[in-house]
Structure formats: C-alpha cells, structure tokens
Amino acid sequence: MMFVSVILPAAGASTRFGGDKLARDLGGRPLLVRTVEALSRRAEVRQIIVAGPPDSFETFAARFGPVLGFHGAELVQGGREDRWQSVSLALAHVSPDATHVAVHDAARPCLSDGLLDRVFEAAASLEAVVPCVEVTSTVKEIDPAAAADVAEGDALVDSILGGETAPVLEAAPVVRTVPRDTLRLAQTPQVFARDVLVSAYARGGEGTTDDASVVQQSGRVVHAVPGDPLNIKVTRPDDLRLAAAILRDMASV
Ligand code: CTP
Ligand code: MG
C-alpha cells in the first residue's frame, strides 16, 4: 500500500491574480480548502502539508488552521521568493513512513479522481511522474525585444486633450512556428518515490518552476502521463470564473 505525503505549496503572492487567490470563494469555500478536500478523501493520501506564506503566517494559520486541521492537514512556513523553496522547506516535515511524495499547486482546485488514479498508479512502478497535457494551439516564437507600439488612438485628439485616447497596442515579430507534437504542458500533482525527491532537493532547486525539473536536474528520468485539461491553475482573475464553472460541472456528473 502506498503511503503518500502531499505537499501543497501555498506561499505565493498571487501577483498576477491581484490579491490573495487562495482565500477567494469557490462555491462556498475558500479555493485552498477546495484543493485540500480533493486530496484528503483519497485513501493513498496519509499526510498533507500546506506551506503557507512566511511573512503573514500567523494570519494564514488563524484563517486556515482550523478548517485544514479538520481535513488532517498540517501548516508549515513556505519560502519567501520561489515555489521550490516552499517545497524544500515542506519536505523536512514529510513522515519517515512515506513511500511517495506528491507535490500539488494549492492553486489547482479542479483535481479529479481520474487524474489522481492515473498519477498514483504510474508512481507505483515509476520513480517520478508528471501529468502533462498536449499543446492544442499553434506555437509561435516571437522576438519581444523587437516589439513596437502600433499607432492607436487619435494623434490630433491627443494633442488637443493632452492624453492618450486608447491603450497602447504592442506588436512583436514572429520568428518561427515551433513544432508542437512532442511538447507538453506540465501540471500537478507530480508524484515521486520519497527518496528520489528528497535527494534531488538536497542539491537545491534554483531556477526551477516545478518539482519534475528538480528531479531531472539530479539526472533521474521523469515520466509524463496524461494530465487533465480541466485541472487548470488559477493564475489570473478569469481563471477563477473558469474554475468555478469546472467545479460546478464536476459536481453535477
Ligand atoms: N508558491 C509557493 N511559494 C512561493 C511561490 C509560489 O508556495 N514562494 C505556490 C503558490 O501559492 C501556488 C503555486 O506555488 O499555489 C503555483 O504558483 P503560482 O500560480 O505562480 O502562484 P503565485 O506565485 O502566488 O502567483 P504569482 O506568480 O502571480 O505571484
Ligand atoms: Mg508564482
């Protein structure tokens, strides 16, 4: 039987969202609580560690401690700057009985049982597993350094009113179209044999934005399994509306 310890990095600043996204309401409960609920009901999950923001940890613990405690989750202090620091700090709290560690973005509340079935099943025989989705749009490489403003607004009106009549529209030249067949977008939960993740993080995670990258840097092979296009990360305000719609849809089937 697997003993999975889950780490939820939840110490981010929600800069792109603009305001604490993990505390936002999602169908009656805070987003962070929704994410924890999806994991706490799984038999494989025997420990949940939530890494909160170090600078406002007391507020975070007062707000989320009771409800997360109800779900059996423990709160620890995450990292100030980068996600990998939060994971690294949380790793120190993983139970010695854990066979596997799953790391899941606290900001991905639309986690289905089907996806959890897949990553846990794969992790039973592979030491490092990352759920990935195909790239469905055509991929362009652009030259941001050569981007220029396209004339917008009305120069005459601007000269009279002394302002800009329309927002600036930036256009960047396309350098090439990138073949997408072998490209994948990485999601979470990423699941690892405990010692593989611990020894990879012992070398540090500088410059990485996911845990599979840390393990790749340690020279280990990471395997991709099919992710779930609905397992979105809430990054910008519009994502919260999408997540609410997805959760409503998941609850109705
Ligand atoms: N995270 C973390 N510690 C950090 C930075 C991020 O635990 N120092 C967490 C976030 O709380 C989130 C996950 O990593 O659950 C994915 O990060 P992201 O979506 O980028 O969230 P934020 O960093 O909060 O958002 P932004 O980058 O827009 O500031
Ligand atoms: Mg971030």
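The values are calculated or read from the model by the stated rules, or taken from the named source; none is laboratory data. Owing to the predicted nature of the structure, the values given are computational and were not obtained by experimental measurement. For neighbour counting, all protein chains shown are included, and Cβ atoms are generated from backbone atoms with ideal geometry for every residue, glycine included. Keep in mind that these areas ignore ligands, DNA and RNA; they rest on the heavy atoms of the full protein, side chains included. Shrake-Rupley method; radii C 1.70, N 1.55, O 1.52, S 1.80 Å.
Given R₀ = 22 Å, what would the calculated FRET efficiency be for residue 81 paired with residue 218, taking r from the Cβ atoms and rounding to 0.05?
With a Förster radius of 22 Å, E is 0.55.
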Just reorder 177, 188, 59 by solvent-accessible area, largest first, 1.4 Å probe, all chains present.
-> 59, 177, 188
For the chain, with the dipole built from +1 on Lys and Arg beta-carbon atoms and -1 on Asp and Glu ones, taken about the Cα centre, which of 205, 62, 120 lies farthest toward the positive end?
-> 120
Per-residue ellipticity at 222 nm attributable to helices in the chain (runs of n ≥ 4 DSSP H, -39500 (n - 2.57) apiece, nearest 500 deg cm²/dmol) works out to -9500 deg cm²/dmol
Rounded to the nearest 10 Å², the accessible area of residue 142 using a 1.4 Å probe with every protein chain kept is 80
For the chain, just say rounded, prolate or oblate: build the C-alpha gyration tensor, square-root its eigenvalues into a ≥ b ≥ c, call rounded for a/c under 1.5, and beyond that prolate if a/b exceeds b/c, oblate if not.
-> prolate
Once 71, 93, 104 are ranked on solvent-accessible area with the largest value leading and a 1.4 Å probe, the list reads 93, 71, 104
So how exposed is residue 15, as accessible area in Å² (1.4 Å probe, rounded to 10)?
-> 120
Once the whole set of protein chains is in place, how much accessible area is left on residue 233, using a 1.4 Å probe, in Å² to the nearest 10?
-> 60
Given 13 as the ceiling on other Cβ atoms within 10 Å, longest exposed-site-free region of the chain for GluC sites (Glu not before Pro) in DSSP loops = 1-80
Taking r as the C-beta separation of residue 248 and residue 185 and R0 as 22 Å, the FRET efficiency to the nearest 0.05 is 0.40
With a 1.4 Å probe and every protein chain kept in, tell me what percent of the accessible surface of the chain is carbon plus sulfur.
-> 53
Could you run the Karplus curve 6.51 cos²θ - 1.76 cosθ + 1.60 with θ = phi - 60° over region 102-110 and give me ³J(HN,Hα) per residue in whole Hz, x for Gly and Pro?
-> 10, 10, 9, 4, 4, 7, 10, x, 8
With contacts defined as alpha carbon pairs under 8 Å and 6 or more residues apart, what's the relative contact order of the chain in percent?
-> 24
Ranked order, 199, 14 - accessible area, probe 1.4 Å, largest first | 199, 14
Might you report the magnitude of the Cβ-based charge dipole of region 164-253 about its Cα centre, with Lys and Arg at +1 and Asp and Glu at -1, to the nearest 20 debye?
-> 240
Extension reserve of the residue 25-residue 171 stretch, reckoned as 0.36 nm per residue once the Cα distance is removed = 48.9 nm
